[in-house]
Each structure stands twice: as C-alpha cells, then as structure tokens.
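Readers should treat all values here as calculations from the given coordinates under stated rules, not as data from a laboratory. Quick caveat: nothing in here was measured; it's all calculated off a predicted structure. Cβ: placed from backbone, ideal geometry, glycine included. Neighbour counts: every protein chain shown.
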Ligand code: IVH
C-alpha cells in the first residue's frame, strides 16, 4: 500500500485534497532537498534508489490527483509536449555583453579607468567581485514568489526565446527558492553548460546510437536548449551556474554589492561557483586570473577566462555603460587553444562494439600545453561535413582537457589530386565485413569477438575500475594477453596462470602475484557491476544497476522477455531489444555461465538499500498535532527514509498515528479503528 490508497475511500473531498497536498508537499520538499544536496552541494544524502522510490510515490499520488500537482514538483521538470517553436520574449532588462581583456596591461588599464571615471585617486584600491567565465550559453530565469516561472535565452540581448520547458529539466536549478528572504519577483542571470566528462559520455552514447555528436560542451548545451522536445533536454546532462541577477532599485540599495548579492543568491539555493570571490585592485585581479588559469584543466567544466566586476553597486551605477557593455565589468580571456597543423592520414579504430571510428593522424603540435598527434574524427558524416582530406592544413583545438578537435582551416590550399576519405569495406584488424546498420551513421565490424580489436576493448571494459575492477590490468597488458590468445573471453582472465604471466616481458614475480591477487579480489563483485562489465550495448552503469535491482538474479534476467525488460526503470525498446539479443547469443550465455562457474559472485540484493528490519519499514503513518522536536515535514522525511509511508487520513490501513500537541479528530478516528497511537517520545525511541 502507498500513501495514496487512503485518499480513495475518503468521503470528504475537500479534506482529502488538503491531505493529498500536504503529503505531496512533504514529498516534494524532501526530493528538492535531496536534489540540492546532490546537484548543487555535490554531497548526496541518500542512495539513488531511495530518491527513485520517493519520486515514484509522488508520481503515483499526482496521477491520482492531477489537478493538485504543485508547480515546483520535481516530476514537472519534464512537463508538456514538444513545442511548435519558441515564443519570443522581450527582456525586462537587456542582457549585455562584456568588454574583453587579453593582456595584463588591459587589466591594469581597466582598473585605472574605473578610478578615473569615479574620480578616485590613482592609488585607491578597488574591491572587485570575480568569477570564472563559464563557457556555455547565457540565460535569464524568472522566479515569482520563489517559484520558477520562465527562462529566456539571451537572443540578441533585447529579445530572447522562451526555453522554460528545457531549462526546468536542469537538476542543479532549483524550481523553488528557499529561505526567508525570497523576493516577490527575481530575475537571475547565469550560464547553462555541461561538465566535460558528462559531455564526453553523452557524445559516446550519441555516437553509439548513430546520432549527432557535438563538437564541444558549449555546442552540446546550446544545441540541447534549442530542442523543441523537453524530454531531450531532460536526458542530457545540463547544468547551471548563477553569476548575477537583474535587481530592482530597492534590492540594489539593500544588498549594496555584487558579492553580497552572490551570497544572497547562494543562500536561496541557487548554484554559485565555489570560485566566485572578491579581489582587491589590479594586482588582486591578476592573482585570481593566474590561480584560475592554473586550475583550469582540473575544473570539471570549461571556462574561457575570468570575469571582473566592480563590487559596489553605487560605484557600478556611477560608471554606467558603453554601447552594449557595462564599464564596471570586463572579461579577461585565456589565450586560445587553437594551432595550425596538417592532416597526415586518416586511420580507423575498432571499438568494443565493433564501431569503426576514423582517427586523424596529425603533424604533432603543442596545443593547450600538450603535444597532439592524433585526434578522433568521430564518424564519416563529421568528416564529410567538415570536408577534411588527407594533406589538408587543419586547425587543432583543445580546450582544457577535452579531447582535441580537428577543424578545417579556412586558408587551406588543397592539392588537386587529394581524395575524399571513405570507410573501409573490411575491418583492418580481422578483415570481417564492415556494415552500416540501418538508421545509424556508425559503421561496424561484423567480426564480434573473433575481431581482436573488439575483444581487446571488451576485456579492457570488463576489467575497468567501474566494472569488474581488476586493479593493475591496463590496456597494454590486455593487448598482450589477447595477442597471445590466452584471453579469448572475459572468463579466461580467471584462468590465467602464474607460470605463464611471469614469462611476459616486464612482468616480475611480484607483479604477476599482484595481478592474480587483484583478479581474485574481483571475483567478489556486485550484480550491477557484473552486468555493466558484460558490455551489453546500450547498457551503461546506471541501467546495469537498475536491471540488477529489478531482477536481483542473473538467471531471471537472462530469460526475461522484452516486455519484462521494459518494466525496468529507464529501459526503452532499443535497450530491451539489445539485452535480449545479447542473451540470445549462445556465446554470451556461455561466458556468463563460465564466469559463475569460475566463482564470480555477488551478495544477493535487497530490493531497497535500507534496513528492511526497521520498525517503520512498510508501515503507514498519519501525523496529527504539532511535535516539539520536529516539523511535520521533518518527521515525514524520517519515516520515509526508513521505508515507511505517510498518509493524510486515518483508515483501517493505517499502522501508526503519530500524535503531537493539540491533536484533533484523527486521534479519535484512530481510537475508533484501534490504530496504534505513538507519542513523540515513543516515536523518537523507535527512530
Ligand atoms: S557577467 C553585463 N559573469 O559571458 C554582462 N558573464 O560577454 C554581465 N559569462 O554571454 C555578464 N561567465 O553569459 C558574467 N561569471 C560570469 C560569466 C559570464 C560567462 C558569459 C555571459 C555572457 C558573456 C558576456
């Protein structure tokens, strides 16, 4: 039974509605709190499965009461149907751009000009608010009474597009602001972007599915925000950082400075970069530039410089604007990471699933502090779109530690004899036929595990830290093991012998023993890791975990029908079909069985990652009256965290009524139905 059962048999609709809303609110507040901890503070408070469970409970309740759905419910992040197009909206306050500084002298001149315009002595030290310049797309977000209302792109600075449905899907963006200082209307300004790693994973997935791959995280973020179907945005890893707000006069007077405003925004739950801080004078600005520059490649997202803003609002006001940029702020850009090179050859690489990826072999160049001599060209479409040919002069771009990108050089002079690249008809490794699958842009080697390239990549994937996790089994060693034909399937890893391993070059007795120890340790794994390690197409880490949790048992999974697979969270027809195909393959069945025979094991999973022996587990509570140590929401959260449910009205199905001070009619109802009543002290004891 769930929270909602009780609303069905109530004969007083108004009361039931009120109770439903109350329960919805406590679930929403709990979920929003968890999302903030996860996406903004990077500090998850509960396992994903627990989040999902409460989310589903809310969804069920909302399905029963569609008219009562709250606008800030996390289920509303993906709301309506695809749009026909975006509405044009005029910005209340124009969205300006920034002047640029490239050299130290430009920064010193900026600081000098600020002092001159403000009639301050040349030796005055100005306070600045400084932050990274996020490389994404600018967005303006309106909150009405603390609830997300509308998101508008920058557009031409005066008129932008209403992309609310897409922006709502961004998990680091609160749909409701928190705290007691939330204004009636707030227009937040910030940047939408993607983490570099998320971007790469997303691109890999796109390539796997034969869909568009994006050149860099900024393009991916911008391309996603302009999708008409919000489901696409919801499925992509967008993030948001806030760097300002278009404040009303009154608010400017009260807050006094950019830095105070940033703190206020952060306090309301808006994500603000940890790097945002204050700096004093031109020297302070330059020190910040160097500090951020040194940390640039370690940051999870791309930045293309830093931004300096005069901190005091009064002073900002005095300085005013030129053309379309404020005089009180400047962007100090990092030098571009783009260098001229030559495309010496285009080779192909064979991946784990047989996908054939063209790779550019380049005249080695130093870009972004690293020597680059090869770079992926993603797929044939990409090469044709960029019109690249062997022998061409090309630009190599590398931003931070993102994979280098090869771009056509506009000044290239092409030799008349150059030929366009085409995909090989046969795999360069195993000579099997290369085929383009229907509806996909990717080409694949049809050799399966006969192909040593596919086998090597499969074994590397299998042994990966996030899969079966065999420490010390690097890609070079896997290549050797495959080449020697000691490893023909993942199961063979568990048959490796000390006598063989020690014969390998650069493998002493100690390393051989260490490797065998790691292999021994890897035998004890989890069901989710095991499934992920198998390398089933379209089954990533999260899907593997979902499958493991749903089926709990490998035999059950292996014989599950497509329909049964479709019952799993996030598993759609493409994934279900791929899983079914994988297990229909006798060779794959054999590998699974051999792995089990070779004693690869995992603990039997519980359906939920929580102690099922807790006295609250599976029990339904009704709260009434006021408690002295907890708000109602907090008490509800504690119950839900322990696997219990909270309902709005008392019925035969209620297990406990938690009664505080001034408890009302619910207490009488509990007495008449013989439901156990807990006082706060007993409740605390049971917690
Ligand atoms: S402040 C008056 N701060 O850079 C404009 N902008 O040329 C105030 N950007 O498209 C903008 N990071 O989206 C500011 N920390 C930051 C920023 C930032 C990125 C973008 C912004 C705008 C462009 C300004």
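Restricting to Cα atoms and excluding each atom paired with itself, what does the Kirkwood estimate give for region 342-384 in Å?
Numbers: mean 1/r = 0.0898 Å⁻¹.
Result for region 342-384, one decimal place: 11.1 Å.
Take the eigenvalues of the Cα gyration tensor for the chain, scale each by 5, and report the square roots as semi-axes in whole Å, largest first.
Details: eigenvalues 408, 359, 105 Å².
Each semi-axis is the square root of five times an eigenvalue, giving 45, 42, 23 Å.
Report the calculated FRET efficiency for residue 465 and residue 672 (r = Cβ-Cβ distance, R0 = 60 Å), to the nearest 0.05.
That gives a FRET efficiency of 0.55.
Return the percentage of antiparallel bridges among DSSP beta bridges fully within the chain, rounded to the nearest 5 %.
85 percent
Could you give the length gained by full extension between residue 361 and residue 108, i.e. 0.36 nm per residue of separation minus their alpha carbon distance, to one decimal place?
Full-extension gain reported as 86.8 nm.
Counting helices only, and only those DSSP H runs with n ≥ 4, report the 222 nm mean residue ellipticity of the chain as the sum of -39,500 (n - 2.57) divided by its residues, in deg cm²/dmol to the nearest 500.
Calculated from helices alone, the mean residue ellipticity at 222 nm is -10500 deg cm²/dmol.
Nearest 0.05, what FRET efficiency do residue 231 and residue 322 give at R0 = 60 Å with Cβ-Cβ as r?
The value I calculate is 0.90.
Mind jotting down the distance between the C-alpha centroids of region 517-544 and region 618-652, whole Å?
Comparing the Cα centres of region 618-652 and region 517-544, I get a distance of 38 Å.
What fraction of the Cα pairs in region 482-533, stated in percent, has a spacing above 19 angstrom?
Pairs farther apart than 19 Å: 32 percent.
Out of every Cα-Cα pair in region 326-482, what percent are more than 18 Å apart?
Of all Cα-Cα pairs in region 326-482, 67 percent lie more than 18 Å apart.
When the distances between all Cα atoms of region 538-686 are binned every 5 Å from zero, what whole-number percent does each bin get?
2, 8, 14, 15, 11, 8, 7, 9, 9, 8, 6, 3, 1, 0
Principal axis lengths of region 411-484 from Cα atoms, whole Å, largest first?
Here the spans come out as 51, 33, 27 Å, largest first.
Going by average Cβ neighbours within 10 Å, how do the peptides 518-525, 411-418 rank, with the highest at the top?
So the peptides 518-525, 411-418, ranked by packing, come out 518-525, 411-418.
Return the equivalent ellipsoid semi-axes of region 456-511 as a descending list in whole Å, where each equals the square root of 5 times an eigenvalue of the C-alpha gyration tensor. Could you put the intermediate results ahead of the total?
Values: eigenvalues 61, 31, 21 Å².
Working from the Cα gyration tensor, I get semi-axes of 18, 13, 10 Å.
Measuring from label point to label point, each 7 Å out along Cα→Cβ, what is the residue 68 to residue 294 span in nm?
5.7 nm
Across 5 Å bins from 0, what is the distribution of all Cα-Cα pair distances for region 263-305, in whole percents?
5, 18, 24, 19, 19, 12, 1
Using only the alpha carbons of region 136-208, determine the length spanned along each of the three principal axes and report them from longest to shortest in whole angstroms.
Principal-axis extents of region 136-208 (Cα, largest first): 46, 31, 18 Å.
Write down the Å³ per residue value for the convex hull defined by the alpha carbon atoms of region 152-285. Could you put the intermediate results ahead of the total?
Values: hull volume 20.2 nm³, N = 134.
For region 152-285, the hull spanned by Cα atoms encloses 151 Å³ per residue.
Could you pull out which residues in region 120-140 have an amide N less than 14 Å from a spot 7 Å beyond the Cα of residue 251, following the Cα-Cβ vector?
140
What FRET efficiency comes out for residue 88 versus residue 374 if R0 is 60 angstrom and r is the Cβ-Cβ distance? Round to the nearest 0.05.
Once rounded, the FRET efficiency stands at 0.85.
So between residue 204 and residue 497, what do we pick up on full extension, going 0.36 nm a residue minus the alpha carbon distance?
That pair, residue 204 and residue 497, stretches by 102.0 nm at full extension.
Please list 627-639, 426-438 highest first by mean number of surrounding beta-carbon atoms within 10 Å per residue.
For the peptides 627-639, 426-438, the packing ranking is 627-639, 426-438.
Quick one: Debye curve from the C-alpha atoms of region 308-394, no solvent, what's log10 I(q)/I(0) at q = 0.10, 0.16 Å⁻¹?
-0.50, -0.71
At what distance in angstrom do the alpha carbon centres of region 104-157 and region 288-331 lie from each other?
Region 104-157 and region 288-331 have Cα centres spaced 6 Å from each other.
Please state the relative contact order of the chain as a whole percent: Cα pairs under 8 Å, 6+ residues apart?
11 percent
Taking the Cβ of each residue in 515, 449 as the centre, tally the other Cβ atoms inside 10 Å and list the residues starting with the fewest.
449, 515
Divide, for region 238-376, the radius of gyration over alpha carbons by 2.2 N^0.38 Å, where N is the residue count.
Values: Rg = 21.4 Å, N = 139, 2.2 N^0.38 = 14.3 Å.
So the Cα radius of gyration is 1.49 times the expected 2.2 N^0.38 Å.
How large is log10 of I(q)/I(0) for region 464-556 at q = 0.10, 0.21, 0.22 Å⁻¹ when the intensity is taken from the Debye formula with one equal scatterer per alpha-carbon?
Rounded to two decimals, the profile gives -0.30, -1.04, -1.10.
I need to check one value: relative contact order of region 178-237, counting alpha carbon pairs closer than 8 Å and at least 6 residues apart, in percent.
34 percent
P(r) for region 80-222: what percent of alpha-carbon pairs falls in each 5 Å bin, starting at zero?
2, 8, 13, 14, 16, 15, 12, 11, 6, 3, 1, 1, 0
How big is the Rg/Rh ratio for region 100-165, C-alpha atoms only, Rh by Kirkwood, two decimals? Numbers along the way, then the final one.
Numbers: Rg = 18.0 Å, Rh = 15.5 Å.
For region 100-165, the value is 1.16.
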